[in-house]
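**Q** Submitted below is the structure of interest, expressed as structure tokens.
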Amino acid sequence: MMNYDEFKETIADEIKDFLPEKFEDSNVAINTVQKNNEQLDGLTITSPDSNVSPTIYLNSYYESYQDGESIEDILQNIATVRMDHEVDKSFDITKITDFEQAKDHIAPRVIGMEDNAELLAQRPHSEMDDLAVTYCVMLGSDENGSMSVPITNQLMESWGVTQEELHDIAISNLESLSPSTFKSMNEVMAEMMLPQMIEECGGDRDMAEAMLSAMMPPEEKMYVISNEEKLNGAAALLDDKLMDSIREKIGDDFFILPSSIHECLVVPADAGMELRDLENMVKEVNETQVAPQDRLSDHVYQYDADSHEVFRADKAEERQATKEAAKGEKAVDKKAEKEETRASLKDRLAEKKKEIASGEKKDPAKDLGKKKETVI
Amino acid sequence: MHVKSTINTGSMTASRNADREKARLVAYNEGIKKLMEKAMKDAEKAKGGTQ
């Protein structure tokens, strides 16, 4: 059996034999692609007259190989995927390289920082506790999904803009590019499961609704924030309007569960659930149900309405103490400033007293003259 | 199967994976349901204790 490096080499060497003649002069390459929380090996087969090519990730094909699939079958599958995903050769690259064209399509993404150090080293980003905000250019959607380009340090430099400028642009585009949504978990579950349940109940909607209702918690205490596409919807955390509307609906105090980079869950802090239990649940669901490329974080968060910031709930006390210390420092600074002013006033008064006592009082007429001079 | 379209700037086509979304949301729904039931029981116990 081949090891992974030998497997990749064989794929690159042999793939053209499984493709039609028009691919004869194509360039075959395997590149490491940095994804959310993971690295994948992407195969590209690019025609000489094209600047666009689909990337086919080899990692899952190697798993199939290890499971016993023959290398010939795998090569045939890869060739089929490549032919099925032939893309438009006339892609206009200035949609990305020309900042004037790109700027209205810049959108934010929220990912976890913990396992993304390498990815973040290549991309401009801002930090939100242990979450990072990165940016991309949205190029539109079709039946295959939503197409976007991640903004790298190199692209940002070529545009001549700063990370702060990118951030402001991305936030201001959020509403138009990917409108945020805030729904109850019941609503989301109904959207997701009711059609299938009705089918399973032989078309009996009432029965399906009763089954769904039995699955739900006794009270409606969980909400889902995302965007209309339900893709990279954790960026809705950056939508101040949305966060304010959540505060209006369920109060200031709520926990944010980072269910994935595509959506987050919100539960009111007064629902009686312990933070520790919520954290354990997030960790467990991440380990058992969330694909690495969808994972956002293992922590639970809260929202600071004053600063419009998301922060880790387990660090709330620490954060409060830092805030109070900063407030205290400011107060001390102000006090010191006041004391300094008071001291200099005292000094001036003492000087004045000395002047009067020694009879060195200045001639007021002289001063008046000066004043006049100044006014003139 | 992982497939994406790419140009040399690394563009990608992402599509919603409804199965993965369903798996994690159902798991959270179950988890929250359990925690809420636990919270209700604890509250009842506390109520009983103060009576």
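Where a number appears in this text, it was derived from the coordinates with a stated rule and is not lab data. Because the structure is a prediction, the values reported are computed rather than measured. Counting neighbours? That spans all protein chains shown, and the Cβs are built from the backbone with ideal geometry, glycine included.
**Q** Tabulate in residue order the Karplus-calculated ³J(HN,Hα) for the stretch A:327-335, using 6.51 cos²θ - 1.76 cosθ + 1.60 with θ = phi - 60°, rounded to whole Hz; enter x for Gly and Pro.
**A** Per residue, the Karplus-derived 3J(HN,Hα) values read 4, x, 4, 4, 4, 5, 4, 5, 4 Hz.
**Q** To the nearest whole number, what is the average tally of beta carbon atoms from other chains within 10 Å of the beta carbons of peptide A:75-83?
**A** 1
**Q** From the phi of every residue in the stretch A:176-186, what ³J(HN,Hα) in whole Hz does the Karplus formula 6.51 cos²θ - 1.76 cosθ + 1.60 yield, where θ is phi - 60° and glycine or proline is x?
**A** In residue order, the calculated couplings are 7, 7, 9, x, 6, 10, 9, 10, 6, 4, 4 Hz.
**Q** Angle check, please: helix A:240-250 long axis (alpha carbons) against the longest principal axis of chain A (alpha carbons), in degrees 0 to 90, nearest 10.
**A** Roughly 90 degrees between the two axes.
**Q** Would you tell me the mean number of C-beta atoms belonging to other protein chains that fall within 10 Å of each C-beta in A:129-142, as a whole number?
**A** Working: counts 0, 0, 0, 0, 0, 0, 0, 4, 2, 0, 5, 0, 3, 3.
Mean shielding by partner chains, rounded to a whole number: 1.
**Q** State the answer as a single residue: which of A:ILE225, A:THR55, A:GLN66 lies farthest towards the positive end of the charge dipole of the protein assembly as shown, with beta carbon charges of +1 for Lys and Arg and -1 for Asp and Glu, about the Cα centre.
**A** A:ILE225
**Q** Can you sort A:ILE45, A:ILE106 from fewest to most other Cβ atoms within 10 Å of each residue's own Cβ? Don't jump to the answer; show the numbers that get you there.
**A** Working: A:ILE45 21, A:ILE106 27.
Listed from fewest to most nearby Cβ atoms, that is A:ILE45, A:ILE106.
**Q** Under the rule of at least 5 residues apart or a separate chain, name every residue whose amide H is placed under 5 Å from the amide H of A:SER184.
**A** Amide H to amide H, under 5 Å and 5 or more residues apart or across chains, A:SER184 pairs with A:VAL224.
**Q** Further question: Which angle between 0 and 90 degrees, to the nearest 10, do you get for helix A:364-375 versus the longest principal axis of chain A when only C-alpha atoms count?
**A** The angle comes out near 40 degrees.
**Q** Which shape class, rounded, prolate or oblate, goes with the protein assembly as shown when its Cα gyration tensor gives a ≥ b ≥ c as root eigenvalues, a/c under 1.5 marks rounded, and past that a/b bigger than b/c marks prolate? Let's see the in-between values first.
**A** Values: a/c = 2.84, a/b = 1.51, b/c = 1.87.
Because a/c hits 1.5 or more and a/b fails to exceed b/c, the protein assembly as shown counts as oblate.
**Q** Kindly provide the helix-only [θ] at 222 nm of chain A, computed as the sum of -39,500 (n - 2.57) over DSSP H runs of four or more divided by all residues, to the nearest 500 deg cm²/dmol?
**A** Values: 14 runs with 176 residues, N = 376.
Calculated at 222 nm, the ellipticity per residue is -14500 deg cm²/dmol.
**Q** Taking H placed 1.01 Å from N in the peptide plane, check which residues at least 5 places from A:VAL300 or on another chain put their amide H under 5 Å from its amide H.
**A** A:ALA313, A:ASP314
**Q** For every other residue with a beta carbon closer than 13 angstrom to the beta carbon of A:GLU220, add +1 if it is Lys or Arg and -1 if Asp or Glu, then tell me the sum. Intermediate results must be reported in sequence, preceding the final value.
**A** On the way: positive: A:LYS183, A:LYS221, A:LYS249, B:LYS33; negative: A:GLU187, A:GLU219.
Cβ neighbours under 13 Å give a net charge of +2.
**Q** Per-residue HN-Hα couplings for the stretch A:283-298, Karplus 6.51 cos²θ - 1.76 cosθ + 1.60 at θ = phi - 60°, whole Hz, x for Gly and Pro?
**A** Using θ = phi - 60°, the values come out as 4, 5, 5, 4, 5, 9, 10, 9, 5, x, 6, 9, 5, 10, 6, 9 Hz.
**Q** Relative contact order of the stretch A:238-337: what whole-number percent is it, with Cα pairs under 8 angstrom and at least 6 residues apart? Before the final figure, lay out the partial values.
**A** Values: 101 pairs, mean separation 24.7, N = 100.
The normalised contact order for the stretch A:238-337 reaches 25 percent.
**Q** Please find the FRET efficiency linking A:LYS354 to A:GLU324, where r is the Cβ-Cβ separation and R0 is fixed at 41 Å, and quote it to the nearest 0.05. Numbers along the way, then the final one.
**A** On the way: r = 44 Å, r/R0 = 1.08.
The pair A:LYS354/A:GLU324 has a calculated efficiency of 0.40.
**Q** Okay, moving on. Given 20 °C and 1.002 mPa s, compute D for the stretch A:117-205 with the Stokes-Einstein relation, Rh being the Kirkwood radius over Cα pairs; round to the nearest whole µm²/s.
**A** Details: Rh = 16.4 Å.
Calculated translational D: 131 µm²/s.
**Q** Where does each of B:LYS34, A:LYS354 land when they are ranked from fewest to most other beta-carbon atoms within 10 angstrom? Before the final figure, lay out the partial values.
**A** Numbers: B:LYS34 14, A:LYS354 10.
In increasing order of surrounding Cβ atoms, one gets A:LYS354, B:LYS34.
**Q** For the stretch A:196-233, run through the GluC sites (Glu not before Pro) and keep only the ones in DSSP coil with at most 16 other Cβ atoms within 10 Å of their Cβ. Before the final figure, lay out each step's value.
**A** On the way: sites: A:GLU199, A:GLU200, A:GLU209, A:GLU219, A:GLU220, A:GLU228, A:GLU229; in loops: A:GLU219, A:GLU220, A:GLU228, A:GLU229.
Here the GluC sites (Glu not before Pro) that fit, given the DSSP loop and packing criteria, are A:GLU219, A:GLU220, A:GLU228.
**Q** Related question: State which entries of A:LYS183/A:LYS315; A:LYS241/B:LYS47; A:LYS35/A:LYS95; A:LYS35/A:LYS315 exceed 31 angstrom in Cα-Cα distance in the structure shown. Present the calculation step by step, with values, prior to reporting the outcome.
**A** Working: A:LYS183/A:LYS315 27 Å; A:LYS241/B:LYS47 39 Å; A:LYS35/A:LYS95 23 Å; A:LYS35/A:LYS315 28 Å.
Going by Cα-Cα distance, A:LYS241/B:LYS47 fall outside the 31 Å limit.
**Q** OK, next. Any idea what angle helix A:205-215 forms with the longest principal axis of chain A, computed on alpha-carbon atoms, 0 to 90 degrees, nearest 10?
**A** Once rounded, one gets 60 degrees.
**Q** Kirkwood Rh over Cα pairs of the stretch A:180-305 into Stokes-Einstein at 25 °C, 0.890 mPa s: D in µm²/s?
**A** On the way: Rh = 15.5 Å.
This corresponds to a translational diffusion coefficient of 158 µm²/s.
**Q** Anything over 27 Å Cα to Cα? Flag those among A:LYS283/B:LYS38; A:LYS103/B:LYS22; A:LYS230/B:LYS41, in the order listed.
**A** Pairs exceeding the cut-off: A:LYS103/B:LYS22; A:LYS230/B:LYS41.
**Q** Let me ask another. Which order do A:ARG247, A:ARG123 fall in if you start with the one that has the fewest other Cβ atoms within 10 Å? If you can, show how the numbers build up before the last one.
**A** Values: A:ARG247 14, A:ARG123 22.
Final ranking by Cβ density, sparse to dense: A:ARG247, A:ARG123.
**Q** May I pose another question? Given +1 on the Cβ of Lys and Arg, -1 on the Cβ of Asp and Glu, and no further charges, what dipole in debye does chain A carry about its Cα centre, rounded to the nearest 20?
**A** 3600
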